[in-house]
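Accompanying notes for the structure given below.
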Amino acid sequence: MTGTADLIARLAADPESSFALIARDEPDTGAVEAVEVLTGPIADVELLADIPLHDETGAPREVLALVPYRQVRERGFEAHDDGVPLRCLLVESRATVPLADVMASLPTEPVPLHDAGFDVDDEEYADIVRRVIADEIGRGQGANFVIRRDYVARVDAEPRHAALTWFRALLEHERGAYWTFAVVTPDYIAVGASPEAHVSAQAAGAGTAGTVTMNPISGTFRHPAGGATVETLAEFLTDTKETEELFMVVDEELKMMSAVCSDGGRITGPHLKEMSRLTHTEYMLRGTSRLDPREILRETMFAPTVTGSPMQNACAVIRRHERVPRGYYSGVAALFTPREGGGHDLDAPILIRTAHLVDGQLRVPVGATLVRHSDPYGEVNETHGKAAGVLGAIGAVPRDTTPEDPDAPAPRRPLAEDPRIAELLASRNARLARFWLDPQDPVPGPLTGRSALVVDAEDRFTTMLAHQLRHLGLDVRIAHWSEPTDAEVDAAELVVAGPGPGDPRDGHSARIARMRHIVGRRLETGAPLLAVCLSHQILSDRLGIGLTPLASPHQGLQKTVDVFGEPASIGFYNTFTARVLPGVARLTPSETRCGDVGTVEVAADDSGDVYALRGRGFASVQGHLESILSRDGMRTLERLVTHALA
């Protein structure tokens with residue numbers, strides 16, 4: 001213990017040193033038993049590909065990288081550029097110290113805060129929520145968006161002393177964190193208890209692919225006074241908004257998994273993430289990949305649970321509605337560890353539930369996921385709860401008295417073990433597509449030998465769609481809407497015009513204009529076409545079917561609809577709809593703007609909202625057959641593709 005105390009004292013005394021303390025649950029016990037102490041110099045780099053995983057001699061080394069939110073610009077997405085560096089701790093020494101020794105060596109006196117409060121007050125934040133629902137979700141810009149605000153305060157204590165004090169307090173008073181950590185550099189400090197692993201990857205071996213895991217967490221239950229009970233948790237688990245919020249982020253992370261994993265990814269869960277003051281719901285996604293871990297990290301920037309979906313548009317919405325840059329909030333702490341036999345393993349928790357200290361100013365950023373059902377003041381309360389979770393744990397605000405406190409009665413078994421809670425969790429999967437829940441064994445698909453060009457209209461649902469098409473046997477290539485030439489569009493055996501955000505009637509969008517051109521070109525030539533969501537609306541407009549906004553957006557909505565004589569349970573993410581007169585089941589050539597396409601069959605509900613179209617050489621669908629919400633997605637996709645190719 002004396003050695004541990006000396007080590008902590010040396011780290012605290014040298015203002016120029018850099019180090020990290022990391023506490024992770026042991027796989028066998030599920031409890032923190034030790035703290036990893038990493039020390040070494042700092043190197044700031046420009047790109048994820050520049051993270052130096054090898055030293056000057058070519059030998060592999062361990063690196064802890066703090067990846068700021070602005071790094072999302074590497075994917076071509078929008079972000080305020082605050083100049084916060086992609087900072088790498090080049091690990092020269094590592095020690096694993098028993099938890100008890102670390103706790104006994106860390107300071108305990110609370111660190112006082114001054115001039116504390118939110119930088120955006122409650123009413124202003126509620127107004128932001130209303131604007132995002134009306135102006136963004138209500139106009140088809142996406143399904144959900146995470147808008148954050150910061151709890152700020154002045155800290156007069158010596159920064160390293162504050163960091164070590166907070167780290168000890170989090171270890172003592174928070175539970176269920178994926179990482180509890182302190183990263184200390186001369187001009188920046190981060191201390192947190194992140195509940196969520198964004199992505200982890202095992203290095204690929206000779207002749208084998210590595211395993212990639214993602215852990216989408218969504219839905220926040222703030223424990224009432226006295227702690228959570230089966231009854232209060234059950235009420236949370238049956239809340240429609242919380243359930244749909246989790247399904248939407250799983251869909252968004254499956255897009256990422258399908259981009260980096262050859263097998264597309266498989267989901268397990270849902271599970272509960274029980275922490276001291278909050279409980280979340282979560283799924284685990286697993287797949288296999290041979291990509292470099294830095295490339296995996298790049299393709300998965302960043303978690304939809306802290307940005308929104310679709311990802312590219314979410315970044316634009318964040319830039320419009322957050323008045324200051326994010327810094328490291330919603331980025332990741334990425335630990336690259338050399339693996340025997342070659343390569344590096346990756347472990348990257350999200351930088352949330354984290355206190356950031358720079359030049360004596362403390363910032364605790366917190367965000368709420370805004371969906372079509374969001375209540376502005378409910379989202380205000382959620383940010384208070386998340387901030388209190390961090391501030392209470394570090395002793396900056398009074399801690400709630402909960403069953404987890406030392407003086408409270410002995411803790412009960414985890415609520416997830418209660419049969420009623422387990423049944424509620426398991427029941428969620430009855431709504432989901434078995435395709436993403438079951439092992440996807442490679443078998444010859446019914447459309448083997450055919451090929452398709454999938455045109456991405458800035459919604460990476462196309463990666464999931466492409467994976468399903470490959471499962472059907474097609475050879476698939478994905479292209480951004482700006483990439484394929486007219487000659488390439490003409491040469492494709494099947495063109496799948498993909499989904500995307502926005503108003504299909506927008507005459508000022510280059511993206512929508514190009515999608516209109518591609519859809520129109522295939523329609524005119526009679527070459528096989530499948531149009532999905534936004535492209536289905538564009539096709540409908542081309543055929544002369546009117547478009548209109550929905551009274552209530554169908555973002556993350558599951559419906560059972562009739563698709564040409566077969567009922568299909570499908571997930572919808574649309575704000576606009578094509579609409580015909582009630583009862584219309586087909587359009588004759590004289591009733592369309594494109595008489596040469598022949599008769600068009602229409603699948604619509606009693607109100608006239610159009611869910612699918614098919615005609616000579618084409619088919620379309622409003623819903624997302626690739627979504628986890630589409631129980632009948634694969635069957636319906638096969639039917640529509642087979643029709644288009646026929």
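Here are the numbers for the structure shown:
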| read-out | value |
| --- | --- |
| Rounded to the nearest 20 debye, dipole of the chain from Cβ charges on Lys, Arg, Asp, Glu | 1780 |
| Full-stretch length increase - Thr525, Ala100 - with 0.36 nm per residue and alpha-carbon distance subtracted | 145.7 nm |
| Ordering of 361-370, 378-387 by burial proxy (mean other Cβ atoms within 10 Å per residue, highest first) | 361-370, 378-387 |
| Sequence-distant residues sharing a close amide H with Gly445 (under 5 Å, placed H) | Gly473 |
| 14 Å reach of a label modelled at Leu581, 7 Å along Cα-to-Cβ, counting backbone N of region 593-615 | 608 |
| Ellipsoid semi-axes in whole angstrom, largest first, where each is sqrt(5λ) of the Cα gyration tensor of the chain | 46, 26, 22 |
| Sites Arg505 and Asp119 - FRET efficiency at Förster radius 41 Å, r taken between beta-carbons, to 0.05 | 0.65 |
| Length released on extending from Leu645 to Glu295, taking residue separation times 0.36 nm less the Cα-Cα span | 122.5 nm |
| Mean ellipticity per residue at 222 nm, deg cm²/dmol - from DSSP H runs of n ≥ 4 across the chain, formula -39500 (n - 2.57) | -8500 deg cm²/dmol |
| Semi-axis lengths, Å, region 192-276, gyration tensor of Cα atoms, sqrt of 5 times eigenvalues | 31, 15, 10 |
| Over 25 Å [Cα-Cα, region 59-214], rounded percent | 53 |
| Dimensionless Rg over Rh [region 411-536; C-alpha; Kirkwood] | 1.17 |
| Per-residue HN-Hα couplings for region 552-561 [Karplus 6.51, -1.76, 1.60; θ = phi - 60°; Hz; x = Gly/Pro] | 9, x, 9, 8, x, 9, 9, 9, 9, 10 |
| Cα Rg, Dmax, region 497-646, angstrom units | 13.9, 39 |
| Difference of contour (0.36 nm per residue) and Cα-Cα distance, Asn381 to Glu235 | 50.8 nm |
| Region 545-616 - convex hull of alpha carbons, volume per residue in Å³ | 90 |
| Long-range HN-HN contacts of Ala34 with modeled amide H, under 5 Å | Arg24, Leu99 |
| Computed FRET value (nearest 0.05) for Arg420 with Arg339, which takes r as the C-beta separation and R₀ as 35 Å | 0.25 |
| Set of region 211-250 residues, backbone N closer than 13 Å to the point 7 Å along the Cα-Cβ line of Ser552 | 240-241 |
| Local electrostatic count at Val580 - Lys and Arg +1, Asp and Glu -1, tallied over other residues with Cβ under 12 Å | -3 |
| Leu370 long-range amide H proximity, modeled H, under 5 Å | Phe145, Val146, Ile147 |
| Pairwise FRET efficiency - Glu601 versus Thr560, Cβ, R0 = 22 Å, nearest 0.05 | 0.70 |
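All of the numbers you see were taken from the coordinates with simple rules; none came from a lab. Worth saying up front: this structure is predicted, and the values here are computed from it rather than measured. Note that each Cβ is placed from the backbone with ideal geometry, even for glycine, and that neighbours are counted across all protein chains shown.
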